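Here is the structure we will look at, set down as structure tokens.
The values are calculated or read from the model by the stated rules, or taken from the named source; none is laboratory data. This structure is a prediction, so every number in the text was calculated from the model and none was measured. Neighbour counts run over all protein chains shown; Cβ positions are idealised from the backbone, glycine included.
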């Protein structure tokens, strides 16, 4: 039997906290047998788990008990309050998981320390200081290593040593010269051949720091120097996890594509000599909660690959690295889609839109903060007095979605009352009609059941109300949901699974 | 609603992902009786040396980390591929992982020193150690690998990430035998195989 029993409870039963919020809870310690202890400490940090070696953040430590003898039967209780970081947010993928932990260790000399560890879910909250408004280059969110200041003379010496080393390697590897020349020659010939057909190719992305659900216009422009046929011109959006396990000869890097979306800029056909090819497409960035990160052994990288697919000829390709960040990290810079506008979300056909110069700029006046998406005002309504709240008992769940909405309305922003209402409704199945705002992939949703994790999420308004809802659907409904467009009404039977505090909307799942 | 990883399996994480050194040490399931006896015997003329020999994924590092827990003054060093590193001047015994990467000079100097050595290696140094006047014990890292032991190792890993006393997935004897037939003594490949199985497991069940 362990010398101590340790438990950690959080003040929120769902354990969901937003970046910068205070995570509160209580540590309880029950001593089973007299133990000499070098102290009891609480550690708060994030770390990765999954296929790769674990990466972790710097721990914050709090001493709960100074070194002393813990007496058998002693019961100790410590409330704690720690500030959650702004990033990295919780991520649950295939090869990589990022979780935030509170751990309590009893330091017992010369013995295995009793400890317990509990995780909480960190969602995007405050904006990291590194995000200053620059969206045209990737912002490094990992801690920088200390720069060595060697001075100009030191730099000259280092460069000289490097040059000497390169010469030495070149001298000893002369036998490799023909192979290197062949490879370099092939690349050069390919580049020249493509240039002789395509001329200068310009690709355009509005910015490389992108948030999910943003409208994003990409384009390609060139003037062919010859007439030739293409299979297609397309851009492929790729999100890929990478996890490295082991070290030395045992080191293995595993990769897993989280998302691949192909957007056709132009269908196959003949491109005429000197006829300008100027194709653009506006895509709505996928709503997956898979944000970019790059740690020493684990990463999630987003890229967009442009390709001119030419039959019987090398393809022209260009890759642009992107950084996908939570909308909250962009603040006023967020360029959110206008809910009333007809967006060309996930367009798979070619459609020439405005030329580059005519793409309308988003003015700050149309940029909206996340909470206004759900149709709520910026200032939260005052909490209604508790005695005015009518909360159903466990035996009387709301019978219809209208009754549920009415109860939620009366609870206002009182989260404990709202939780009671939602708990009472949890076992009910409601028939609802949703006016579709958008449908996105559910991948990356941290609490989706396995059957739903590869399915779709429908986001919209409950018909006839102003109330928003997001409903996760199983993978088996993917083809059915792909036929829906913004403004269509989708009907389904759903069970209520919770409340999204950030967007102020109901969360549900298709009842199977 | 709590949204915790692998809660549908009553686990904290995928048990077949990469564990850190502390977790691996706690889970180590190796028979060390002979090794400890050899290392603690200090005949006057022969300093002991222990070799753990095995291929990749057979458990050499696990053996070394487990042995280190029995010696509070031990030093452990891992030599990365293509690198030459400084050998710690203190620590008794000295545990060297990937000892086949020691430079010739390091080998000559270390083998002739009076420090107790524990080597995790692909290469057998018995003769070199004996020439240096040491008493040598060589253990095969996979010496006890049987389907029964594999079943225990895999299920211990699952239990180590259990959330509460409710049921958890169990690797059956039949699966352990199949894995043994597929991968032999290579525990790491078995873990990689089971990682994907657990990623797709929808509920608590026998595997």
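Do the conditions hold for residue A:139, that is, is it more than 14 Å from every other protein chain (Cβ to nearest Cβ), farther than 30 Å from residue A:216 by Cβ, at pLDDT below 90 and surrounded by fewer than 20 Cβ atoms within 10 Å (Cβ to Cβ)?
no
Pull up the stretch A:201-243, narrow it to residues that are within 14 Å of another protein chain (Cβ to nearest Cβ) and crowded, with 20+ Cβ neighbours inside 10 Å, then point me to the one that is nearest to residue A:288 (Cα to Cα).
A:241
Has the stretch B:60-77 got at least one residue that is touching a strand residue (DSSP E or B) at 6+ places or on another chain (Cβ under 7 Å), more than 27 Å from residue B:179 (Cα to Cα) and within 13 Å of another protein chain (Cβ to nearest Cβ)?
Yes, some residue in the stretch B:60-77 is touching a strand residue (DSSP E or B) at 6+ places or on another chain (Cβ under 7 Å), more than 27 Å from residue B:179 (Cα to Cα) and within 13 Å of another protein chain (Cβ to nearest Cβ).
Output the number of the condition that residue A:7 fails; it satisfies all remaining conditions of (1) within 14 Å of chain B (Cβ to nearest Cβ); (2) within 30 Å of residue A:328 (Cα to Cα); (3) touching a strand residue (DSSP E or B) at 6+ places or on another chain (Cβ under 9 Å).
Unmet for residue A:7, out of (1) within 14 Å of chain B (Cβ to nearest Cβ); (2) within 30 Å of residue A:328 (Cα to Cα); (3) touching a strand residue (DSSP E or B) at 6+ places or on another chain (Cβ under 9 Å): (2).
If you check A:38, A:53, which single one turns out to be over 33 Å from the mean Cα position of the chain (by Cα) and touching a residue at least 40 places away in the same chain (Cβ under 8 Å)?
A:38
Name every residue in the stretch B:153-204 that is away from chain A (no Cβ under 12 Å) and assigned to a loop (DSSP other than H, G, I, E, B), in order of residue number.
Within the stretch B:153-204, B:165, B:166, B:167, B:168, B:169, B:171, B:172, B:184, B:185, B:204 meet the criteria.
Only one of (1) under 30 Å from residue A:96 (Cα atoms); (2) free of Cβ contacts under 8 Å to residues at least 60 places away in the same chain; (3) within 11 Å of chain A (Cβ to nearest Cβ) fails for residue B:101. Which number is that?
Here residue B:101 clears every test but (1).
Output the number of the condition that residue A:290 fails; it satisfies all remaining conditions of (1) under 17 Å from residue A:238 (Cβ atoms); (2) outside any loop (DSSP other than H, G, I, E, B); (3) in contact (Cβ under 8 Å) with a residue 40 or more places away in the chain.
The number of the failed condition is (2).
How many residues are within 7 Å of another protein chain (Cβ to nearest Cβ) and in contact with a helix residue (DSSP H, G or I) (Cβ under 7 Å, 6 or more places away or on another chain) if we restrict to the stretch B:1-27?
Total satisfying the criteria: 2.
Return the residue satisfying two criteria in turn: it lies in the stretch B:144-169 and is under 18 Å from residue B:64 (Cα atoms) and surrounded by 16 or more Cβ atoms within 10 Å (Cβ to Cβ), and of such residues it is modelled with the highest pLDDT.
Among those that are under 18 Å from residue B:64 (Cα atoms) and surrounded by 16 or more Cβ atoms within 10 Å (Cβ to Cβ), it is B:153.
If we scan the stretch A:243-251, do we find a residue that is assigned to a strand (DSSP E or B), over 30 Å from residue B:85 (Cα atoms), out of contact with any helix residue (DSSP H, G or I) (no Cβ under 9 Å at 6 or more places or on another chain) and in contact (Cβ under 8 Å) with a residue 12 or more places away in the chain?
The answer is no; no qualifying residue exists.
So residue B:105 passes all but one of these: (1) under 21 Å from the mean Cα position of the chain (by Cα); (2) over 30 Å from residue B:165 (Cα atoms). Which condition number does it fail?
Answer for residue B:105: the failing condition is (1).
Answer yes if at least one residue in the stretch B:82-92 is away from every other protein chain (no Cβ under 14 Å), more than 25 Å from residue B:41 (Cβ to Cβ) and loosely packed, with under 14 Cβ neighbours inside 10 Å, and no otherwise.
Looking through the stretch B:82-92, at least one residue is away from every other protein chain (no Cβ under 14 Å), more than 25 Å from residue B:41 (Cβ to Cβ) and loosely packed, with under 14 Cβ neighbours inside 10 Å.
Looking at the stretch A:305-331, which of its residues are over 24 Å from residue A:87 (Cα atoms), under 23 Å from the mean Cα position of the chain (by Cα) and surrounded by 21 or more Cβ atoms within 10 Å (Cβ to Cβ)?
The answer is A:306, and nothing else.
Starting from residues that are surrounded by fewer than 17 Cβ atoms within 10 Å (Cβ to Cβ) and within 14 Å of chain A (Cβ to nearest Cβ), keep the ones in the stretch B:28-56 and report whichever is nearest to residue A:95 (Cα to Cα).
B:56
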